[in-house]
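Okay, so here's the structure we're looking at.
Values quoted throughout were computed directly from the atomic coordinates according to the rules given, and no laboratory measurement underlies them. Computed from a predicted structure; not experimentally measured. Positions of Cβ are generated from backbone atoms using ideal geometry, with glycine treated the same way; all protein chains shown enter the neighbour counts.
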Amino acid sequence: RKEVEQDPGPFNVPEGATVAFNCTYSNSASQSFFWYRQDCRKEPKLLMSVYSSGNEDGRFTAQLNRASQYISLLIRDSKLSDSATYLCVVRGGGGADGLTFGKGTHLIIQP
Amino acid sequence: GAVVSQHPSWVICKSGTSVKIECRSLDFQATTMFWYRQFPKQSLMLMATSNEGSKATYEQGVEKDKFLINHASLTLSTLTVTSAHPEDSSFYICSARTGEAYGYTFGSGTRLTVV
């Protein structure tokens, strides 16, 4: 079983649409959770951390369900510039400090 | 914000040669640097964790004699791919924790092609 699983997509959605991504993780001891964005052939950039209470940053909303080991990202009013690969990332568990990445979900916003 | 500078951005080398990749933290001290690699259409995989002044910790399946990591100062960590082969062709990227809500800053990555 993969440590962090995501639907790879691609998701093709029209500009202005709302789109949601899901992610599950296998290590119940994981401590920190993030969504990163990666553009083609570039380094990942932090989009937002994810907290148990859920958190929002502008058009982006992230949710964490520790009991189900499930993380989600919601993008509202999508823009063309949102086209990218979205990486679900988990840290920790057993003293490990490095990040574990999902394969990413590829999002294409169409005009 | 915190910046990690990684060089070179890309390199093409002949099979059997060694390639050194550098990562520098520009405006903060990186006690710990993480090295990842990403094959096409795959996720980033942690290769090793380097701590300033001590030996790196390698993930299972990563050959420590092939991927030499040096973290001699708080602002510089290097990864040397020794005797590179075509199967080592990949996107190598470093990362340091910036201490802000456990955020991590990534270098811009190095695309290595071994021919």
message: How shielded is B:36-46 by partner chains, expressed as the average number of their Cβ atoms within 10 Å of its Cβ atoms?
response: 5
- prompt: From the square roots a ≥ b ≥ c of the eigenvalues of the alpha-carbon gyration tensor of chain B, which class results: rounded (a/c under 1.5), prolate (a/b over b/c), or oblate?
  reply: prolate
task: Could you let me know the centre-to-centre spacing of the range A:30-77 and the range B:76-115, using Cα atoms, in angstrom?
output: 23 Å
query: Counting pairs on different chains as well as pairs 8 or more places apart, how many Lys pairs in the range B:10-115 have Cα atoms under 19 Å apart?
result: 6
task: Mind listing the lone cysteines of chain B, meaning no other Cys beta-carbon sits under 4.7 Å from theirs?
output: B:13
task: List the cysteines in chain A whose Cβ has no other cysteine Cβ under 4.7 Å from it.
output: A:40
query: How many partner chain Cβ atoms sit within 10 Å of a residue's Cβ in peptide B:5-11, on average, as a whole number?
result: 0
query: What is the log10 of I(q)/I(0) for chain A, computed with the Debye formula using one identical point scatterer on each Cα and no solvent, at q = 0.13, 0.23 Å⁻¹?
result: -0.45, -1.32
task: Using a/c under 1.5 as the rounded threshold, could you call the range B:6-50 rounded, prolate or oblate? The axes a ≥ b ≥ c are square roots of the C-alpha gyration tensor eigenvalues, and prolate needs a/b larger than b/c, oblate otherwise.
output: oblate
